[in-house]
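Notes follow the structure.
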Amino acid sequence: RRYYEVCRDLIRDTAEMFDNPRFLHIGYDEEDLKNQSGHVCIRTGELWWHDFNFFVKTVEDAGMRPWIWSDYGWEHPEFVDNCPKCVMHSNWYYDGLADGFDISKMPEDSMSRKRLELFVKLDKAGFEQIPCGTNWCSSYRRKNKLTNDECIAGLVKFCRERVSPANLKGFLVASWPGSEDKPESRKLLFEGIDQLSDAMRDV
């Protein structure tokens, strides 16, 4: 009970401090055992849905619209049917470098395919979306002179071809430069911004 009281107060305080913003992003990315294995426990099943709906309602009651990362839908087919329609979705896809955007060439059970298919499933269910891409790539790939510079343009093209304009509310770019103020971090950020700007113009 105390947990829910604290969370409700924090959400209400956030609305007040920031003068009732239109959206409140409540996260919900990496809600799986792989990413939560270092914690004492992880909510699943009915408790997951209880808490998710609690946060959605609490954000709405505070006068804001809930916004989430859509990861949960990759491995849980029931997510699209059960998620409240008020939720703004940011599904994300970072695998332009490795797997590209051609679903027909991906194995049925590949994670890249599941991620790309979720954009289409969300659209068919009537959800509004702000898809997220990246220009980030792993240190291993960078050492081998590889880049992920085509991911953002590929994602914009993929979504504009498959998501209805009424449900496509914009795009995000997550460059993941790290928290240190280094020239290479700033360079990655500005390159990501430029790539998104070019993609929005060109496609």
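The values are calculated or read from the model by the stated rules, or taken from the named source; none is laboratory data. This is a predicted model, so every value here is computed, not measured. Every residue, glycine as well, gets a Cβ built from its backbone with ideal geometry; the counts of neighbours run over all protein chains shown. Only protein heavy atoms, including side chains, enter the accessible area calculation; ligands, DNA and RNA are left aside. Shrake-Rupley method; radii C 1.70, N 1.55, O 1.52, S 1.80 Å.
A few remarks follow.
- Cα-centre dipole for the chain with unit charges at Cβ (Lys and Arg positive, Asp and Glu negative), debye to 20: 240
- Acute angle (nearest 10 degrees) that the helix 111-124 long axis makes with the longest principal axis of the chain, alpha-carbon atoms: 60
- 222 nm mean residue ellipticity, helices alone, for the chain (DSSP H n ≥ 4; -39,500 (n - 2.57); rounded to 500): -14500 deg cm²/dmol
- Relative to the Cα centre, the charge distribution of segment 1-98, modelled as +1 at Lys and Arg Cβ and -1 at Asp and Glu Cβ, gives a dipole magnitude of about 260 debye.
- If you plug the beta carbon distance of W74 and D19 into 1/(1 + (r/R0)^6) with R0 = 30 Å, you get a FRET efficiency near 0.30.
- V120-C7 FRET efficiency (beta carbon distance; Förster radius 22 Å; 0.05 resolution): 0.10
- Taking segment 1-109 and dividing mean pair separation by its residue count, relative contact order in percent (alpha carbons under 8 Å, at least six apart): 28
- Surface composition of segment 52-171: carbon and sulfur atoms hold 51% of the protein heavy-atom accessible area at a 1.4 Å probe.
- With Cα atoms, 0 to 90° folded angle of helix 2-17 axis to the chain main axis: 70
- Solvent-accessible surface of segment 122-203, taken per residue with a 1.4 Å probe and all protein chains present: 60 Å².
- Positive-end residue of F79, C151, S164, charge dipole of the chain with Cβ unit charges: C151
- Packing order of peptides 49-55, 74-80, highest average first: 49-55, 74-80 (average count of other Cβ atoms within 10 Å over each peptide's residues).
- Between the C-alpha center of segment 94-125 and that of segment 176-203 there is a gap of 24 Å.
- Applying 1/(1 + (r/R0)^6) with r as the Cβ-Cβ distance of D181 and R142 and R0 = 25 angstrom yields a FRET efficiency of 0.85.
- Cross-link pairs exceeding 18 Å in C-alpha to C-alpha distance, out of K85/K169; K57/K169; K121/K169; K85/K157, comprise K57/K169; K85/K157.
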